[in-house]
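Q: I have a structure I would like to understand better, so I am pasting it below and will then ask my questions one at a time.
Read-outs throughout are calculated quantities, based only on the coordinates presented, and are distinct from any laboratory measurement. Keep in mind the model is a prediction, meaning the values are calculated, not measured. With ideal geometry, Cβ positions are generated from the backbone for all residues, glycine too; neighbour counts draw on all protein chains shown.
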Amino acid sequence: MREIETLALAESPREQFNAAGSAAAVMNSTPAAAPADVTAAYYEAYYRGRGADRNSLSNPEVLFQSLAMEASVIRALGSLPIDPADSRLLDVGCGDGANLFQLLRMRFQSDKIVGVDLMPERIAGAQRLHPGVEWRQADARKLPFASQSFDVIFESTMFTTIVDDSTAQAIANEMQRVCRTGGWIVLVDWWMPKPGDTTVKALTRQRLRRLFDLKATLRFDKQFAGALAPPLGRFLSRRCPAAYFAVAAVFPFTVAQGVYLLQKK
Ligand SMILES: C[S@@+](CC[C@H](N)C(=O)[O-])C[C@H]1O[C@@H](n2cnc3c(N)ncnc32)[C@H](O)[C@@H]1O
């Protein structure tokens, strides 16, 4: 479910990764050692520790975090000067396909969307829910696609969960390779770092510049603000939802998630 995937990070990263303990650390430090199994262990430990509804939309703490995140994605995709119905889109680290409904609402077509994820059970879940889409179990460090074969490359909350620099770099390189000239890279991720926490790594502007070649290969287009820093966002979502977007507008430094749009030159 989208709420599970995107909002697993919509709280204190330290809290959520403490729930998983060493699993996430192992996933990031030894990417070659059965990463799919370790990732599954992480999620299992996380939800055992935090409760099954921790990131469910029925949890009032989650609703406005989710709406803000969705608004950022809709605004970003809506700003692209393309015809979505005619565009081939790759969702990298697609999980169980939770972003699909939003992509379809934005007029991308199911037969032109491809999702790739490392975890076989996530891909199996996506296939069960959305059999009309091409879901591929693959390591995004080596994408099984020809260069320049997609108009839009999309990722959502994947980079934050990958702290290993060489893994993140290999994935970013592959995203750039399979994007066509003039095509778009859409990065939906957490911007705000958690100082002292080595188990997650936000996609700050600085990290973005390190991972993606924003000089020769790509052009930074725009960014779109989304969810608030989790403790504040969760609090407002539960206690004072009417104030949520006003706080985000008046205090932009409290926004912790958003979307970067890059275009391949
Ligand atoms: C936080 S989840 C986000 C899932 C989905 N994008 C969403 O928004 O619901 C991160 C996903 O990235 C996937 N992932 C991590 N490393 C990967 C890799 N090297 N290749 C492909 N997928 C990977 C994980 O298996 C996981 O499903």
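Q: For Q148, what is the net charge nearby, where nearby means another residue's Cβ is under 14 Å from its Cβ and Lys, Arg count +1, Asp, Glu -1?
A: Working: positive: R88, R177, R180, K264, K265; negative: D151, E174.
Surrounding charge for Q148 is +3.
Q: OK, next. What is the spin-label model distance, in nm, from A52 to D165 if the labels are put 7 Å beyond Cα along the C-beta direction?
A: Here the answer is 4.2 nm between the modelled labels.
Q: Quick check: the distance between the Cα centres of region 238-265 and region 155-196, to the nearest angstrom?
A: With region 238-265 and region 155-196 each reduced to a Cα centre, they are spaced 19 Å.
Q: Taking K265 as the anchor, which aspartates and glutamates have their alpha carbon closer than 12 Å to its alpha carbon, excluding any fewer than eight residues away along the same chain?
A: Hits, sequence-local ones excluded: D213, D221.
Q: Can you tell me the length gained on complete extension of the stretch R107 to T181, counting 0.36 nm per residue apart and subtracting the Cα distance?
A: Value of the extension gain: 24.5 nm.
Q: Could you work out how much longer the chain between D213 and R136 gets when fully extended? Use 0.36 nm per residue separation minus the Cα distance between them, nm to one decimal.
A: 25.1 nm
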